[in-house]
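The values are calculated or read from the model by the stated rules, or taken from the named source; none is laboratory data. Small disclaimer: the values here were computed from a predicted structure and weren't measured. Note: ideal-geometry Cβ built from the backbone for every residue, glycine included; neighbour counts use all protein chains shown.
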Amino acid sequence: MCGIVGYSGKTKCGKPLEVCLQGLKRLEYRGYDSAGVALVAPGMERVAYAKKAGRLSNLVGYVQRHPLPDALCGIGHTRWATNGEPSDVNAHPHVSEDGRIAIIHNGIIENAGKLKFDLQSEGYSFVSDTDTEVAAKLLGKIADDIIKKTGKPDLFTACRRMAKMLEGTFTILAVDVREPGVVVGMRHDSPLVVGVGKDESFLGSDVAAFVQYTREAIELGQDQAVRIEGGDITITDFDGKPVEDKHFTVDWDASAAEKGGWPNFMDKEIHEDPSAVNETLMGRFDLDGRIKLDELHVDEDVLRQIDKIIVVACGTASYAGLVAKYAIEHWVRIPVEVELAHEFRYRDPILTPRTLVVAVSQSGETMDTLMAIRHAREQGSKVLAICNTQGSSIPRESDAVLYTHAGPEVAVASTKAFVAQITAAYLLGLYLAQVKGVMFHDEIQLQLSELRAMPKKIQWVLDNDDDLIHQTADRLVDKNGFHFLGRHVGYPVALEGALKLKEIAYTFSEGYAAGELKHGPIALIQEGTPVVVIVPSARNRNILHSKVISTIEEVKARGAYTIAIAEQGDPDAGRYADVTFTVPQCPTLMSPLVDVVPLQLFAMYMAEAKGNDVDKPRNLAKSVTVE
Ligand code: AGP
C-alpha cells in the first residue's frame with residue numbers, strides 16, 4: 001500500500017513540488033521505505049524527477065541539495081515495497097524508455113512478468129526489480145504508437161489502453177513532457193480521489209494528500225481514469241466513456257484524513273483485513289493456478305527434504321503461527337512446532353539441515369525473533385521469514401522470505417497483519433504440499449479457492465456484526481477477568497482475543513484451550529464472569545462442536561456471561577450463549593480468518609469505551625527491538 005499524490009496548476013512555479021512533498025508527508029503512514037517525485041514544465045525534453053530510499057526526509061533533503069525546476073504539474077509517491085527491495089532504483093517514479101513519461105503506482109501488477117518478457121523481446125531494457133517499471137515502459141510504447149498514428153500525444157488514451165492490459169491491483173498516475181500540465185490517473189481495486197481546486201486540481205490515494213488545499217473532492221470509481229489539467233477534470237471509464245462524477249466534501253480535518261476518515265488507525269486497519277488477505281494472495285500463482293513463490297529463492301529440492309518446521313515468533317505473530325500449525329501438519333504431514341522466539345534458543349532446540357525455521361514478524365525488527373533465527377542459522381537450519389516490512393532485519397538475515405502485503409500497520413495492536421500472516425503461512429504450507437507432492441493439484445486448488453473466498457467473508461463480518469459487538473463492549477466495559485476459549489484452530493484465536501483485550505483495553509484476560517477449562521480454570525467461573533467461546537462449525541467435525549457447546553453449558557451453569565463466536569446457522573450456540581457474534585460458514589482451517597475479526601473489534605470498542613489511546617496503548621511499542 002503506497003501513498004500517491006498528483007497536482008496540476010496553470011502557472012509554472014514551485015507549487016507542484018510543494019503539494020507533492022506536503023501530500024507525501026500526510027500519506028507517509030501508507031508506506032515509508034522510499035519516496036520520489038516527478039515534475040513536468042513546458043520545454044522539458046525529459047521528466048525531471050528525484051527518488052530516494054528511506055524515509056521521506058531523505059528525499060526532501062536530496063531535493064534541497066539538488067533543486068528541481070519549477071513546473072506546471074507533478075506526481076509524488078511514498079512506497080511500501082511489494083515487488084523489489086526498498087532502494088533508490090526501485091523507488092517510484094519509473095520512466096519510459098525515452099524518459100519522456102513517468103509513472104507512480106500503488107498495488108501489484110500480477111501479469112508484470114509476462115509483459116516484461118514481451119517488452120524485453122522487443123528490446124526494452126529494465127533497471128529495477130519492480131512491476132511498476134514494466135508499466136512505465138509499456139505506457140511509453142503505447143504513447144509512442146498513438147503519436148505515430150495520430151501525430152499528437154494523448155496520454156489519457158494511452159493510459160486507458162494500458163489499464164486494460166494490466167491484471168492485478170493498481171492506482172497509476174502518469175505525466176508526459178509532451179503534454180505539460182496534464183496528469184492522468186487510473187484505478188482498479190486500489191483507491192484514487194480527485195481534489196477540486198480553482199484553476200488547479202489534485203490527485204491522491206486518499207484525501208489526506210490534498211485536504212489542506214481543498215476539501216472538495218471526487219471519488220474515482222472502479223476501472224475509471226481521470227485527466228487533470230489546471231482546473232479541468234475529465235473522468236471516463238477505461239473505454240473512454242464519460243462517467244458521472246461522485247462529488248463529496250471532506251468533513252475530516254487533516255489529521256483525521258491521515259486515517260482515511262477512520263477514528264483511529266486500528267479501526268482503519270481492521271477494516272483492511274479483507275485487502276490484507278487479498279493482496280497477500282496476489283501475484284503468487286502461475287497461469288495454471290499452481291502456487292509460484294519465486295521470491296522464496298529456495299531450491300525446490302531443499303524444500304522437498306524438509307522434515308520438520310519450527311515457527312518462531314512473538315505475541316500475535318506466534319498465534320498466527322499456531323493457527324498455521326494445524327493447517328500445515330494436516331496438508332504436508334510433517335511436524336510443526338511453534339515456539340515463542342524468546343524461549344526458543346534457551347531450550348536447546350533440536351535443529352538439523354532438514355528443519356525449516358519459519359520466523360513470523362510484522363515489523364521484521366523484533367529482537368527476540370531476530371536472535372532466534374540467528375541461533376537457528378548457527379545450528380545449520382534454513383530460515384524463512386514471513387514478514388510485512390520489506391528490507392527489515394529479519395528477512396535480511398533469513399535464507400528466504402515470503403512477504404505479507406498488508407500495507408503498513410501503524411496501530412500497536414496487530415490486526416490486519418495477523419490475517420495476512422495466516423494467509424502467507426497457508427500459501428507456504430500448500431506450496432510445500434505441492435513441491436513434496438503430498439497433495440493432488442485439485443486438492444490444493446480447493447484450499448486456494450476457499451482462501452480466495454475469505455476476503456468477502458471477512459467483509460461480511462465487518463458489515464454485519466459491528467453494532468452488536470460495539471453494544472456488547474459498552475455493556476461489559478467494567479468487567480474484568482475475561483476467559484477466551486477455543487479448540488483446534490479456535491485455540492490460537494482465543495489466545496489472540498485475550499491478547500487484544502489486554503494490550504489495548506488493559507482488561508485482564510486469559511486465553512486457553514477449551515478442553516483445559518475443567519482441569520483448573522473453571523474454579524474461577526462465578527456469577528457474571530465473562531467468557532468468550534470460539535465455536536467450531538457444527539457442519540464439519542461436529543465432535544468438536546458438541547464439546548464446545550458443552551463447555552458453554554458448563555460455564556453457564558456457574559453463572560458465566562457467555563459470548564459465542566459462531567457460524568451462521570449454528571444450531572446450538574444461540575441457545576446457550578448470552579450473545580452470539582455470527583460469522584459466515586467456512587471450512588474449519590479457514591475459520592480463524594473470520595473468527596478473529598469480532599475479537600479485534602470487541603477489544604477496540606472496549607478500549608474506546610475506557611477512553612484509552614487505541615493506537616498507542618500504554619507501555620507498548622509497535623516493534624519490540626530489545627530482548
Ligand atoms: C500484537 O498486537 C502486539 N503488538 C505484539 O504481540 C506483536 O505481535 C509482537 O510484538 C510481534 O511483533 P512482530 O510481528 O512485529 O514481530
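The table below lists the values:
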read-out	value
Verdict on residue 578 being out of contact with any Lys or Arg (no Cβ under 9 Å at 6 or more places or on another chain) and among the acidic types (Asp, Glu)	no
Residue within the stretch 483-500 that is more than 29 Å from residue 331 (Cβ to Cβ), touching a residue at least 12 places away in the same chain (Cβ under 8 Å), crowded, with 21+ Cβ neighbours inside 10 Å and of a type outside the set (Val, Ile, Thr) present	yes
Inter-residue pairs, beta-carbon under 9 Å, first over 17 Å from residue 623 (Cβ atoms) and in the stretch 374-394, second among the aromatic types (Phe, Trp, Tyr), 6+ apart	375/344; 376/344
Scan of the stretch 503-518 for residues that are more than 20 Å from residue 266 (Cβ to Cβ) and surrounded by 21 or more Cβ atoms within 10 Å (Cβ to Cβ), ordered by number	514, 517
Test for residue 337: is it closer than 23 Å to residue 366 by Cβ, over 15 Å from the mean Cα position of the chain (by Cα) and of a type in the set (D, E, K, R)	yes
Residue in the stretch 375-398 that is surrounded by the most Cβ atoms within 10 Å (Cβ to Cβ), counting only those that are polar (S, T, N, Q) and within 12 Å of the ligand (Cβ to nearest atom)	388
Enumeration of residues in the stretch 412-423 that are surrounded by 24 or more Cβ atoms within 10 Å (Cβ to Cβ) and either within 12 Å of the ligand (Cβ to nearest atom) or farther than 24 Å from residue 371 by Cα (or both)	413, 414, 415, 416, 417, 418, 419, 420, 421, 423
Within the stretch 300-349, considering residues that are closer than 17 Å to residue 492 by Cβ and touching a Pro at 6+ places or on another chain (Cβ under 6 Å), the one surrounded by the fewest Cβ atoms within 10 Å (Cβ to Cβ)	322
Qualifying positions in the stretch 400-456 - more than 19 Å from the chain's Cα centre (by Cα) and of a type in the set (Gly, Ala, Ser)	400, 429, 433, 437, 449
Any hit, the stretch 471-482, residues being assigned to a strand (DSSP E or B), modelled with pLDDT of 95 or more and either buried (at least 18 other Cβ atoms within 10 Å of the Cβ) or not aromatic (Phe, Trp, Tyr) (or both)	yes
Hey, residue 294 under 26 Å from residue 587 (Cα atoms), of a type in the set (D, E, K, R) and under 24 Å from the mean Cα position of the chain (by Cα) or not	no
Output for the stretch 144-182, where each listed residue is in contact with a Ser or Thr (Cβ under 7 Å, 6 or more places away or on another chain) and either free of Cβ contacts under 8 Å to residues at least 60 places away in the same chain or among the small types (Gly, Ala, Ser) (or both)	146, 181
Some residue of the stretch 399-407 being of a type outside the set (A, V, I, L, M, F, W, C) and more than 16 Å from the ligand (Cβ to nearest atom)	yes
Identity of the residue in the stretch 356-374, buried (at least 24 other Cβ atoms within 10 Å of the Cβ) and more than 11 Å from the ligand (Cβ to nearest atom), that ends up nearest to residue 280 (Cα to Cα)	358
Candidate set from the stretch 109-136 (those that are touching a residue at least 40 places away in the same chain (Cβ under 8 Å) and surrounded by 24 or more Cβ atoms within 10 Å (Cβ to Cβ)); member that is nearest to the chain's Cα centre (by Cα)	109
Cβ-Cβ under 6 Å pairs, at least 6 apart or on other chains, the stretch 502-518 side part of a strand (DSSP E or B), far side hydroxyl-bearing (Ser, Thr, Tyr)	513/491
Test result for residue 491, among the aromatic types (Phe, Trp, Tyr) and either within 14 Å of the ligand (Cβ to nearest atom) or outside any helix (DSSP H, G or I) (or both)	no
Some residue of the stretch 260-281 being more than 16 Å from the ligand (Cβ to nearest atom), within 21 Å of the chain's Cα centre (by Cα), modelled with pLDDT under 85 and assigned to a helix (DSSP H, G or I)	no
